[in-house]
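The values are calculated or read from the model by the stated rules, or taken from the named source; none is laboratory data. Note that the structure is predicted; figures quoted are calculated from it, not measured. Cβ placement follows ideal geometry from the backbone for every residue including glycine, while neighbour counts extend to all protein chains displayed.
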Amino acid sequence: MEKKIVECMKKVEDRSGMIQAVESGYIQREVSYQAYLHEKRIQSGEIPKIGVNKYVSEEKESREVEFHPFNPDVENIQKKKLDEIKSSRDERAVRKLSPNSNRRPGRTRISCFTF
């Protein structure tokens, strides 16, 4: 598991760090993808869940994965908040504390959260 964590951290670092990974939507996509995989494992019975795939009542119900779509309005609100923070901070102090802040985004989407 430690090896997977280190790989995941490397992939975030390759995207110029966590801030860039969040801004680019990488983290949101990875979390959504992992939630999807987890739900599939529950539905397949690989992960037991009482009342869903173990000790289920006799009543048959349709069990579909409920997706929570990305909301661009929330994205815009968060970007405005981030812009306000960035405009009010001491950029030299930030660069001094974050030596990789000048790096550019790296590769395309690769899931690093799969265990």
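Kindly check whether there is at least one residue in the range 38-51 that is under 16 Å from the mean Cα position of the chain (by Cα) and without any contact (Cβ under 8 Å) to a residue 24 or more places away in the chain. First the steps, then the outcome.
Filtering the range 38-51 for residues under 16 Å from the mean Cα position of the chain (by Cα) gives 38-39.
Add one more test, that the residue is without any contact (Cβ under 8 Å) to a residue 24 or more places away in the chain, and what stays is 38.
Yes - at least one qualifying residue is present in the range 38-51.
Take residues that are in contact with a Ser or Thr (Cβ under 7 Å, 6 or more places away or on another chain) and tell me which of the helices (runs of 4 or more DSSP H) falling wholly in the range 1-101 contain 1 or more. Let's see the steps before the verdict.
Numbers: elements: 2-14, 18-23, 26-44, 72-88, 91-97.
Result: 26-44, 91-97.
Do you know which residues across the range 63-74 are free of Cβ contacts under 8 Å to residues at least 40 places away in the same chain and within 26 Å of Glu39 (Cα to Cα)?
First pass over the range 63-74, keeping only residues free of Cβ contacts under 8 Å to residues at least 40 places away in the same chain: 63-69, 71-74.
Passing the criteria: Arg63, Glu64, Val65, Glu66, Phe67, His68, Pro69, Asn71, Pro72, Val74.
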* Which of the residues that make up the range 22-75 are in contact with a His (Cβ under 9 Å, 6 or more places away or on another chain) and of a type in the set (Ser, Thr, Tyr)? -> Ser32
* Structure fact -> Checked against (1) of a type in the set (S, T, N, Q); (2) exposed (fewer than 10 other Cβ atoms within 10 Å of the Cβ); (3) modelled with pLDDT of 90 or more, Gln28 satisfies every condition except (2)
